[in-house]
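Worksheet: the structure to be examined is printed underneath.
Rule-based calculations on the coordinates, nothing more; no lab input. No experiment lies behind these values; they were computed from the predicted model shown. Cβ sites come from the backbone with ideal geometry, for glycine too, and all protein chains shown count toward neighbours.
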Amino acid sequence: MISLRQRIVWASLLGSAALASSGAFAQAPAAPTAAAPTAAVAQADNAAAPKAQHKRMDPAKRMERMQEHRAKRMAALKDKLKLNAGQEGAWSTFTSATQPPAGPRPRMDRAEFAKLTTPQRLERMQARQVERSAMFAKRADATKTFYATLTPDQQKTFDTETAHFGGPRGHRGHGEHGGPDGHRGAPAAPAKS
């Protein structure tokens with residue numbers, strides 16, 4: 001049963017939505033002055049800056065940064081696993097097999113790609129897909145082989161640590177700091193009133 005309070009809330013929400021969509025109260029936004037940009041404009045500029053910087057970065061520098069980042073992640077994973085002397089060889093095999101290819105991947109020029117016929121484009125894309133599948137299979141086999149050398153406690157640690165960044169290579173989901181939604185763990189519970 002819906003209480004009177006809930007009915008009022010729903011009615012006000014529906015009324016607000018109807019007014020907003022009809023444009024009855026639409027007003028032209030005030031133009032920001034050049035001397036004092038609004039907080040939203042400044043925030044948008046700050047959010048766009050890292051993306052623009054990333055695109056302008058030299059591919060060799062970007063690859064170097066990625067390799068440094070991977071090395072730090074792998075060192076942290078190794079520390080958390082607390083490997084014994086017998087597992088060191090398996091670790092070395094695992095890290096070398098899961099190492100991403102060196103250097104940026106060559107890309108086909110868009111103009112060159114546009115000159116191809118549709119069947120030729122499909123063949124190129126299929127060849128690239130086969131190449132990616134082979135690289136994935138190599139990494140998956142190396143990971144499974146290494147995982148088999150771990151103790152049950154180490155396996156739990158490995159599962160937990162690699163779930164955050166999608167595996168040993170480091171591909172994340174859509175968010176930059178964890179899973180697909182950008183969170184590392186469960187969201188914090190709301191505070192009780």
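Restricted to Cα atoms, segment 60-164 shows a radius of gyration and a Dmax of 18.2, 56 angstrom. Measuring nothing but alpha carbons in segment 95-145 and taking Rh as the Kirkwood radius, the Rg to Rh ratio lands at 1.12.
Its Cα centre serving as origin, segment 60-164 has a Cβ charge dipole (Lys and Arg +1, Asp and Glu -1) of approximately 460 debye.
When the listed pairs Lys61/Lys156; Lys72/Lys138; Lys61/Lys82; Lys115/Lys138; Lys80/Lys138 are checked against a 29 Å cut-off, the alpha-carbon distance exceeds it for Lys61/Lys156; Lys61/Lys82; Lys115/Lys138.
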